[in-house]
Amino acid sequence: MTRVFSGIKPTGHLTLGNYLGAMRQWATLDQHRSEALFCIVDLHALTVDHDPARVRRLSRQAATLLLASGLDPALCTVFVQSHVDEHARLSYLLECVATDGEMRRMIQYKEKAARERRRGGSVRLSLLTYPVLMAADILAYGTDEVPVGQDQTQHVELARDLAVRFNQRYGHTFVVPRATNPPVAARVMNLQDPLSKMGKSDDTGPGIVYVLDEPDVARKKVMRAVTDSGRDVVYDREARPGVANLLEILAACSGGDPEALAGAYASYGDLKRDAAEAVVEVLRPVRERHRELCADPGHVEGVLRDGAERARAMARPTVDAAYRAIGLLPAASGAGAPVLNAAR
Ligand code: TYM
């Protein structure tokens, strides 16, 4: 059976981009057709300036939202990255396979480091090595497919490269994974700045729809989306990024194809109205289920506890095999452990 792994970082409130680009696909498709693991990757939230209490709060919220979006613990494994030591254990080994040049070429590193420096802050070393930890997340589970939005494709490519290099140097240890993207809305753009991704870690703003926005708030954000000069509705990502974004959002929420939908609209106003309603309707059941789940925090905790146990059992054999393959001496454990030859 295909093994699927994906993750979400608790650095902000989850957005419509997270939902359409990743979470919805996990719930409607991936958990049904594969052996799937979905992870709240809290260690990744420490790569930028962070408030410990907020990371804890957002981790709980992300877990609750994953369940609210339809992930079913009977079908898939939902867990928190820091509850499973194997991620950090494997990350170090992969740092010994990756190069610093590879890390510095990562687009997200370049963008985030530049932003941090513009603010006068310093860049954490973990921001540079973050893609290696992400590769460890993926490779520890023998993952075949990684369903992600488009912005993560380069990171999954790195995981592939590291798997191939490790296997060549030290013997076959890792499955070589590949990224999968949703057919539409793999890159939802900021409604106020359609040249930038709608990102949860960015400053809050009218261009970002959050999964938990009240319907009126979400509706207003879509209605106020920046459109392009011109009046006719055409699907052209280059020349009309604002309208193309709305068409993609509408297509992702209500079904259909952005190009075909474009032909059905005579004005930007009508398009915005339909896109706004479609967004509100797609998020409504998630918000409602989230409210119910919040009333039962013990349930979410239990899911995470069981998930971590299952994940640990899945990751350990692969990570142990990587330790042996790379040349580390196995720890002797109890009776029957191999006697070490002192002469060697
Ligand atoms: P993160 O937390 O930024 O995003 C989680 C998922 O949401 C997708 N996404 C989007 N898709 C479409 N449009 C958008 N505007 C948008 N914004 C976010 C992301 O592509 C992602 O699929 N590095 C990862 C987390 C991670 C991970 C992993 C993912 C860590 N380890 C292992 C997969 C496998 C990240 O920061 O995602």
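Below is a table of values for the structure above.
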read-out	value
Number of positions in the range 193-249 that are of a type outside the set (A, V, I, L, M, F, W, C), under 19 Å from TYR268 (Cα atoms) and assigned to a helix (DSSP H, G or I)	7
Subset of the range 91-119 (residues that are within 17 Å of the chain's Cα centre (by Cα), part of a helix (DSSP H, G or I) and more than 15 Å from ASP49 (Cβ to Cβ))	ILE107, GLN108, TYR109
Which numbered condition MET189 misses (of (1) within 15 Å of the chain's Cα centre (by Cα); (2) of a type outside the set (Phe, Trp, Tyr); (3) on the phi < 0 side of the Ramachandran plot)	(1)
Filter result for the condition that a residue is at pLDDT 95 or above and surrounded by fewer than 14 Cβ atoms within 10 Å (Cβ to Cβ), over CYS96, CYS76	CYS96
Index of the failed condition, GLY256 passing every other in (1) open to solvent by less than 70 Å² (accessible area, probe 1.4 Å); (2) assigned to a helix (DSSP H, G or I)	(2)
Qualifying positions in the range 1-50 - closer than 13 Å to VAL78 by Cβ, touching an Asp or Glu at 6+ places or on another chain (Cβ under 8 Å) and outside any helix (DSSP H, G or I)	VAL4, PHE5, SER6, GLY7, ALA36, CYS39, VAL41
Options ASP137, ASP151; residue that is touching a residue at least 12 places away in the same chain (Cβ under 8 Å), in the same structural domain as GLY307 (by TED's automatic domain parsing), within 16 Å of the ligand (Cβ to nearest atom) and open to solvent by less than 10 Å² (accessible area, probe 1.4 Å)	ASP137
Identity of the residue in the range 1-10, touching a residue at least 40 places away in the same chain (Cβ under 8 Å) and more than 11 Å from the chain's Cα centre (by Cα), that ends up nearest to the ligand (Cβ to nearest atom)	VAL4
Close pairs from the range 51-73: first among the small types (Gly, Ala, Ser), partner open to solvent by 40 Å² or more (accessible area, probe 1.4 Å), Cβ under 6 Å, at least 6 apart	ALA68/ARG289
Selection from the range 14-60 of residues that are within 11 Å of the ligand (Cβ to nearest atom) and open to solvent by 50 Å² or more (accessible area, probe 1.4 Å)	ARG24, LEU43
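Residue-wise test of (1) open to solvent by 10 Å² or more (accessible area, probe 1.4 Å); (2) out of contact with any strand residue (DSSP E or B) (no Cβ under 9 Å at 6 or more places or on another chain); (3) part of a loop (DSSP other than H, G, I, E, B); (4) among the polar types (S, T, N, Q).
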residue: GLY121; (1), (2), (3), (4): yes, yes, yes, no
residue: TYR130; (1), (2), (3), (4): yes, yes, no, no
residue: HIS155; (1), (2), (3), (4): no, no, no, no
residue: ARG160; (1), (2), (3), (4): yes, no, no, no
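The values are calculated or read from the model by the stated rules, or taken from the named source; none is laboratory data. Everything numeric in this text was worked out from a predicted model, so none of it was measured. Cβ sites come from the backbone with ideal geometry, for glycine too, and all protein chains shown count toward neighbours. SASA here: full protein model, heavy atoms, side chains in, ligands and nucleic acids out. Shrake-Rupley method; radii C 1.70, N 1.55, O 1.52, S 1.80 Å.
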